[in-house]
Structures are given as structure tokens and as C-alpha cells.
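Chemist: There's a structure below that I have some questions on.
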Amino acid sequence: MGIYFFGSNRKKIKTENSGIIYATLVVVNTFFNQWLQSNYDKLPNKIILDFGFIESVSNDLVTSFAPILSLLKGKTVIVMSGAVPNSIPVASDENYKFPRIEKELFNEMKKISSNDTDLMFGDYSSVSPIISTGGRAIVQVKYTLDNDYWFVRNGLRQGNYDFVKVCQQIASLSGFDEKYCWGDEYIKSVVDDNTNKGNPSVWTSIGVNRHTVVCLNEL
């Protein structure tokens, strides 16, 4: 199955002999709209609109893709984006909360899509779509709430680091339910045992698991 990606800020790439075409454009323009219309029958039934990293949702961004959604009537369109930055603008021992802008983008795209278009939500979970290397491990869980990401942090993973404090903050949330998902169960086990568990890879898995279940429950 071929998959088409139409991004708002990337160059055009085409892969041969793979059955997959990545068509990301710097600007959605008349020429591209004409190409899309002429090649509609060659398009797969499922198409991804990948916006990559987004910091906000503007009216210009949404309306620029209105012609695209109109031309894709009858297709399943997955609106993909990621709001998690690759660098958090606070100290490593400071919590950080910011909105799930991916949901806002999806809801705005739904408003301009026709009833003939099956729109689906997609994101990069609680990790950033911006690839980065290096850096130092932080004692944290990237926790997904209904409308926000909440990064609960407690400094660098060095010396006598304290992951228990991170889990205690999350478990003290109103409505916290250890049975909600594996991630929440793990967090509660850290609190109950009052001992550090896991490593940065496991802590990332906790956040991704929690995020996945939240999204599934929003369907």
C-alpha cells in the first residue's frame, strides 16, 4: 500500500520501487492541487497529512489545506503532527506543561473537511518528531492528560537521583487510576515500593503507553 505524506514545511522526496511515495511540499500550491486531482485514482485509500512539529495552529495553516481535503474526498486521511519539542525550555528539575496542539489541529481540520472524507487522528505520542542526538538523561515521565502534556521532572539521572518523587506527583493527581494502563500501574508500583525503578528507556515507555491509551479512549 502506498502512503502519501503532505507536509507544510518539508522538501519533496520520492522513493522508487517501494510502493511508498513521500510527497512533502514547502508550499501547497495550484500546481500541486492540479497534480493531485489528475492522479486521484492512483492514490492509496489511506493518506497521511504529516505536519511534523507544530507549535501552534493558525487559520492560515488550516485554510491552506482546505483544497487538499476537498480533493481527497472519499479517502481516509490521517492528520499527523507532533507538539512535543526536542528541547524543554526549563531546568531539568522543573516540571513543564503545555497543550496537546495536535488535537487542536485535528479538530480544526475536521471543521473544513467534507462528510465524504474519513478523517483520522495521528501524532508522535509523547516524544518529539524532531530527531535529536546526545544530551543527558533526565529523571522524568512525559505524562499525557486530556488536553495537556505534563512533563514531571526531577533533575539529571546521576548520583542519588529520585524517580520516586516523580511518580508520587503523578499518583497524587485527582482521578489517577493505576488500572488505567500499564504505565500508570508501573508508576503506582514505584510509589508503593518507595524505590527507584527502570531507566530512561522504561520511563519513556511509561509515557508512550499512557499516551496511547489516552488517544484510544478518545476515539
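Just so it is clear, none of the values below were taken in a lab; they were calculated from the coordinates. Note that the structure is a prediction, hence the values are computed from the model and not measured. Here the Cβ positions follow ideal geometry from the backbone for every residue, glycine too, while neighbour counts run over all protein chains shown.
Chemist: Of all residues in region 128-145, which are loosely packed, with under 10 Cβ neighbours inside 10 Å and of a type outside the set (S, T, N, Q)?
Modeler: Within region 128-145, Ile131, Gly134, Gly135, Arg136 meet the criteria.
Chemist: Another question about this same structure. Starting from residues that are among the charged types (D, E, K, R) and surrounded by fewer than 17 Cβ atoms within 10 Å (Cβ to Cβ), keep the ones in region 189-210 and report whichever is nearest to the chain's Cα centre (by Cα).
Modeler: Among them, the one singled out is Lys197.
Chemist: Continuing with the same structure: Sort out for me the strands (runs of 3 or more DSSP E) sitting completely within region 63-159 that have 2 or more residues that are in contact (Cβ under 8 Å) with a residue 60 or more places away in the chain and closer than 26 Å to Ala171 by Cβ.
Modeler: Of the strands (runs of 3 or more DSSP E) lying wholly inside region 63-159, those with at least 2 residues that are in contact (Cβ under 8 Å) with a residue 60 or more places away in the chain and closer than 26 Å to Ala171 by Cβ span 138-144, 148-156.
Chemist: Moving to a separate point now. Of all the residues that make up region 58-102, how many are within 30 Å of Gly135 (Cα to Cα), in contact with a strand residue (DSSP E or B) (Cβ under 9 Å, 6 or more places away or on another chain) and surrounded by fewer than 17 Cβ atoms within 10 Å (Cβ to Cβ)?
Modeler: Number of matching residues: 13.
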